[in-house]
Amino acid sequence: MSSSCHSTAVVTSSQATDATPTHRKIAIVGLGNVGKSLFFNALTGHYSFVANYPHTTITPNRQQITLNQQPVEMIDTPGLASLTVQSDDERATLDVLLRESVQHILFCGDALRLQQSLVLLAQVLELGIPTLFCLNKSDEAARHGIVIDTEQLARAVGVTVVPTAAPHGRGMERLGERLLLAHANAGPVHYLRTIEEMLSQLGQLFPVENCPSRGLLLQFLQGDGTASALLAAQLGEDLFAQATAMVRTFFTKVPLASLHQSLFNAREAWARHLDRQVTKQAEVTVPGFSYWAGWSARHPILGWPILFAILWVTFYSVGGLASQIANVLSAWIFDPLTNAIGAWLTDPFLHDMIVGNFGLLTMGLINAIVTVVPILVVFFLIINFLEDVGYLPNLSVLATRAFAPFGLTGKAVLPIILGTGCNTVATLTSRILETRAERIIVSFLIALGVPCAVQLGVMLAIFSTAPFSSLLIVLGTVLATTIVCGIALNRLMPKREAPAFILELPALRWPNGRNIVQKTYYRIEAFLLEAMPMFVFAAALMFTLEKTGLLLLVKKWLHPVITGFLSMPDKVTEVFILVLSRREVGAVYFKDMVDKGELDYYQIITGLVVMTLFIPCISNTMVMIKELGARWAIAINLAIIAIAILMGGLVDFLMRLVS
């Protein structure tokens, strides 16, 4: 080949795959919990969920916008610590950078973690894509006595640096304009001579006008599958075979583990040196309230009373305040509306279909709005408060030892806690875990023992009107079942090395009331858009089953299980049919039975145990199939059905035995 290129040439890794994009793509990249979604929201005018803990974003969020009169696709990517990825969510970010024609990168750095941010920035710059460096959390750094010389930092990294405080909107002015004017830097870090020579030799296989970026060649050298596929398509079979042979020869001199360590050492040394140059730290800093609050929240002794206090406040807030709101809505709005519509509908069939026992209005819309929305408002306000102050990562540390028997680390707390909001989202969030075995175990535990927000809220409302012993029995049964099944599943899984638990702990901060209210609003909106049709569909389904006589046949078929084994009335069959579509729909219908006095103390407890342990909703099942495969998803669902029914029957038998 007559021409050659140098590995320091600035050509993006994705140009070969998509040379003529119809619009610009801008990727927002950075460490976890650095504020990427806040920048996405500010630039696009659309809402992406934000929280004060890592891994809030687990799949890329995309939005088409017009930026400075130019069509742009903004991509909010999951956080990562390095381009040497360890989990599926990190892989999603790397694939965006390598496979797509990204014209600009908005790199979000953390002023409180400048050295770590610089290590990642060094790798991002090596991709040769024009980059703007936003140094976020500058206000928090100042409160910690940290002052960063951003002008000196910009000269050292070779790209524009903009200090920002995204939660307060500071530094966000003209961000879009600066982003489109950003320029590239081939990478500020130099490696050992043997590595640099290897990069140069690989670069010489390409023509100068189409040379891969330095970062893409480094990814290929480290064995990244995406980089290998891109270079294979660009080089052709013969030249790619030559490149592969060169890499094999290189590894006879420098083992892969040594290569990883050498690259990391060079980047860390550069980042540490630059951090010391541009950062001034106050000589004396006094730990404030946020430090001591975070320390207490994860303390092995103090942390548990704090957790129980939070649960107690949640229990009584949902059970009390939400019920009062629901009563006001019913008395002032929906009861008069239902009575008026019922009086107007004189046709018996239409009357039953609209406002009857399985009416589209009474069981569908009103159940969703009156029963569920007040519960969700209170519950989400509490959960969003805990997210915003940064409590959840500290809870992860607290729970690390408790999760060890399941073969999990405290990192698994995040998807499990998110399961109390939505099981489907929580199953997707299991991508942050590094091994397939961990993801299977966590998905199983979420589906088995973690009720989603609506179901949990409805259950708390039921408990608030029942004896306190019912809460203890149901909670104890669900916890014991989940623990035993989790330990058993861990032992059935192939032996594997215990995963390392590495999690960035954000500083606890005063909550942002606007953010809490905004996130609550969008979560309620998402529930109404997704679940409202399901409530109406469930009402139509039950109405059809009743009118056709199929409901009676199903009750007869399940009679030995429902009334025999579980000692519950046949009407509970309707609850379990509804649970198959969505758990919360069945939970709301079960609450209605409780409110009408159709169940005794034992039946309430048995029903809550079975509902909590019962199979996940259809959407979560579909996500499990996507994430784990059909075989594991079907096996988990069948196992959960058997476990739920067996535990319900056992609890009923033991309660009646000791009474």
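Computed quantities for the displayed model
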{"read-out": "Residue selected from the range 469-492 under the condition surrounded by 15 or more Cβ atoms within 10 Å (Cβ to Cβ) and either hydroxyl-bearing (Ser, Thr, Tyr) or not assigned by TED's automatic domain parsing to the domain that holds Met611 (or both), by the criterion nearest to Leu445 (Cα to Cα)", "value": "Thr482"}
{"read-out": "Candidate set from the range 427-471 (those that are among the basic types (Lys, Arg) and out of contact with any Asp or Glu (no Cβ under 6 Å at 6 or more places or on another chain)); member that is farthest from Phe527 (Cα to Cα)", "value": "Arg436"}
{"read-out": "Residue that is part of a helix (DSSP H, G or I), surrounded by fewer than 23 Cβ atoms within 10 Å (Cβ to Cβ) and within 32 Å of the chain's Cα centre (by Cα), where the choices are Leu578, Leu608, Leu529, Leu553", "value": "Leu529"}
{"read-out": "Hits in the range 240-263 (condition: touching a residue at least 60 places away in the same chain (Cβ under 8 Å) and not polar (S, T, N, Q))", "value": "Val254, Leu259, His260, Leu263"}
{"read-out": "Residue, surrounded by the fewest Cβ atoms within 10 Å (Cβ to Cβ), within the range 454-468, restricted to residues that are under 21 Å from Thr481 (Cβ atoms) and touching a residue at least 24 places away in the same chain (Cβ under 8 Å)", "value": "Ala466"}
{"read-out": "Candidate set: the range 316-326, residues that are at pLDDT below 75 and surrounded by fewer than 17 Cβ atoms within 10 Å (Cβ to Cβ); chosen: the one farthest from the chain's Cα centre (by Cα)", "value": "Gly320"}
{"read-out": "Meets criteria (part of a loop (DSSP other than H, G, I, E, B) and under 33 Å from the mean Cα position of the chain (by Cα)) for Ala257", "value": "no"}
{"read-out": "The range 104-114, residues that are modelled with pLDDT of 90 or more and out of contact with any Pro (no Cβ under 6 Å at 6 or more places or on another chain)", "value": "Ile105, Leu106, Phe107, Cys108"}
{"read-out": "Val454 being of a type in the set (Val, Ile, Thr), assigned to a helix (DSSP H, G or I) and under 16 Å from the mean Cα position of the chain (by Cα)", "value": "no"}
{"read-out": "Some residue of the range 572-588 being among the small types (Gly, Ala, Ser), in contact with an Asp or Glu (Cβ under 9 Å, 6 or more places away or on another chain) and at negative phi", "value": "yes"}
{"read-out": "Single residue of the range 156-199 satisfying the filter (of a type in the set (D, E, K, R) and farther than 24 Å from Val102 by Cα) that is modelled with the lowest pLDDT", "value": "Arg170"}
{"read-out": "Cβ-Cβ under 7 Å pairs, at least 6 apart or on other chains, the range 283-306 side within 15 Å of Ala141 (Cα to Cα), far side at pLDDT below 70 and of a type in the set (A, V, I, L, M)", "value": "Ser290/Ala507"}
{"read-out": "Subset of the range 202-248 that is more than 19 Å from Thr93 (Cα to Cα) and of a type in the set (Val, Ile, Thr) - its residue that is surrounded by the most Cβ atoms within 10 Å (Cβ to Cβ)", "value": "Val247"}
{"read-out": "Residue check, Val124 touching a Phe, Trp or Tyr at 6+ places or on another chain (Cβ under 8 Å) and assigned to a loop (DSSP other than H, G, I, E, B)", "value": "no"}
{"read-out": "Test: residue in the range 128-146 that is more than 22 Å from Val85 (Cβ to Cβ), touching a His at 6+ places or on another chain (Cβ under 6 Å) and not in a strand (DSSP E or B)", "value": "yes"}
{"read-out": "Failed item in (1) modelled with pLDDT of 85 or more; (2) touching a helix residue (DSSP H, G or I) at 6+ places or on another chain (Cβ under 6 Å), with Arg248 passing the rest", "value": "(2)"}
{"read-out": "Residue list for the range 181-198, restricted to those being under 15 Å from Gln222 (Cα atoms) and crowded, with 20+ Cβ neighbours inside 10 Å", "value": "Met198"}
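For every residue, the table says whether it meets (1) surrounded by 21 or more Cβ atoms within 10 Å (Cβ to Cβ); (2) in a helix (DSSP H, G or I); (3) among the polar types (S, T, N, Q).
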residue: Gly597; (1), (2), (3): no, no, no
residue: Ile604; (1), (2), (3): yes, yes, no
residue: Pro616; (1), (2), (3): yes, no, no
residue: Met622; (1), (2), (3): no, yes, no
residue: Leu646; (1), (2), (3): no, yes, no
residue: Arg656; (1), (2), (3): no, yes, no
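The values are calculated or read from the model by the stated rules, or taken from the named source; none is laboratory data. Treat the numbers as computed from the prediction; the structure is a model and nothing was measured. All Cβ positions, glycine included, derive from the backbone under ideal geometry; neighbour counts span all protein chains shown.
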